[in-house]
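Nothing in this text is a laboratory measurement; each read-out follows from the coordinates by a stated rule. Keep in mind that this is a model prediction, so the values were computed, not measured. When we count neighbours, we look across all protein chains shown, and the Cβ atoms used for this are built from the backbone with ideal geometry, even at glycine.
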């Protein structure tokens, strides 16, 4: 590939692109080998083996590399710091994957990678092994061509992201000196459904909790005891009705007190995104979106917190009637948080609400994660956009925030570093689902994107 009007970049970079093109078959083969190794954090399957495999891979590429123990699964860290005075980028990813269930829904076995129609199918292909392996290969390719990198590169690979990242905050606090960087780039998640690349400047946080109601010591006859024994399911239904109303408003006292309204620039940037409510309704078979009905789609996904019932369990669900008063019921919920909501504070407010409205209901706190935000006018915005445009040949879409959650806060709030999410995988990667996949061209474009980022950072450092 040579420079042209749509693919700017240095002459050094295009020699790297040529190397990537020439070696794409062996890069694909090596990704297939990597995907054959299970690393299921929820079941503690293969975690240690894959961590050591990564350390050996990083050392062969040219990194100084090691694992760091945590109270859970180890962190893998690689360092290439031989460009004095140049910027340092920290690349984050995770080597753990979701359980592959249900196995019967896979066309080919989840840990026996298969290529079909230009895609690699395997658990972890898109989330996140294929994406962080592309970053590693970008380093390898630049070093293979030039023997050096134009910037310094750190890589941090976590083994518990699919398990809620319970130990990454403590790790980052403890090792902040090892993680000093000018910016952080995470390659995770999907491109826009059109295939256009995206750059995201923030993520929502999350808290999860359970509500458990128990009345009698066993289920009772709905004729003999109906109207006498409290119904555990109704107890939770009434409680939930006090937490969010039919207009979509969360009615927990103080829940939204700390929410920071989006800036005018964030609103105008979000409004330019090709997000069509009608497309969502058509694709999901919906006749309407959730309330409030007048809220723009981008606002729903980026700028507002949510309260979601994930599951409701209790009573009888088998065939035919069973006339009982259920004695226990459980609800699982999550809330997505926006800047500057804090998980512990939000859980405190939910717990206080439960005690006030249903003091007999047990409130159980589960995991939480802070939201994260990088300003749209970050000093790294233009160079990152140029790098993505160089690799893909088109302008990226700019997202002020994602609706989902990543442990991005450890970089923005603990390290105080600007952090960006630049996905490499196709929109239909089926991450967390059977037949997870990554398009081969997306994987190769990911390698090019990493190389273009290094090139831009080197030029930026020279100019600075």
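Against the longest alpha carbon principal axis of the chain, how many degrees, from 0 to 90 and to the nearest 10, is the axis of helix 11-22 turned?
The helix 11-22 is inclined about 70 degrees to the chain.
Once R0 is set to 41 Å, what does the formula 1/(1 + (r/R0)^6) return for the Cβ-Cβ distance between residue 280 and residue 228, expressed as a FRET efficiency to the nearest 0.05?
0.35
Simple spin-label model, 7 Å along Cα-to-Cβ: residue 256 to residue 33 in nm?
5.4
Is the C-alpha gyration tensor of the range 154-210 telling us rounded, prolate or oblate? Criteria: a/c under 1.5 is rounded; beyond that, a/b larger than b/c is prolate, otherwise oblate.
Note, shape of the range 154-210 comes out oblate.
If each of residue 246 and residue 340 carries a label point 7 Å out from its Cα toward its Cβ, how far apart are those two points in nm?
3.8
For labels at residue 238 and residue 293 in the simple 7 Å Cα→Cβ model, what's the distance in nm?
Reported label-point gap for residue 238 and residue 293 is 3.0 nm.
To test your reading of the geometry: what angle, between 0 and 90 degrees and rounded to tens, separates the Cα axis of helix 24-35 from the longest principal axis of the chain?
The angle comes out at about 40 degrees.
Could you work out how far helix 232-241 tilts from the main Cα principal axis of the chain, as a 0 to 90 degree angle to the nearest 10?
Approximately 60 degrees, to the nearest 10.
Take residue 112, project a point 7 Å from its Cα along the Cβ direction, then tell me which residues of the range 408-447 have their backbone nitrogen under 17 Å from it.
Within reach of a label on residue 112: 435-436.
What number, rounded to the nearest 500 deg cm²/dmol, is the helix-based mean residue ellipticity at 222 nm of the chain, given -39500 (n - 2.57) per DSSP H run of at least four residues and division by all its residues?
Taking each H run of at least 4 residues, the total per residue is -10000 deg cm²/dmol.
Consider the candidate values (i) 36; (ii) 43; (iii) 47; state which one is percent of Cα pairs over 31 Å apart computed from the structure displayed.
Only one listed value fits the structure, namely (iii).
For the range 114-158, what does the alpha-carbon gyration tensor say about shape, rounded, prolate or oblate, given a ≥ b ≥ c as the root eigenvalues, a/c under 1.5 as rounded, and a/b over b/c as prolate?
It comes out oblate by the Cα gyration axes.
If you wrap a convex hull around the Cα atoms of the range 36-76, how much volume per residue is inside, in Å³?
Per residue, the Cα convex hull of the range 36-76 comes to 54 Å³.
Using only the Cα atoms of the range 62-198, build the gyration tensor, take square roots of its eigenvalues as a ≥ b ≥ c, and label the shape rounded, prolate or oblate: rounded if a/c is under 1.5, else prolate if a/b is larger than b/c, else oblate.
Oblate, because a/c is 1.5 or more while a/b does not exceed b/c.
Taking Cα centroids, how far is the range 229-299 from the range 98-138 in Å?
So the two Cα centres are separated by 33 Å.
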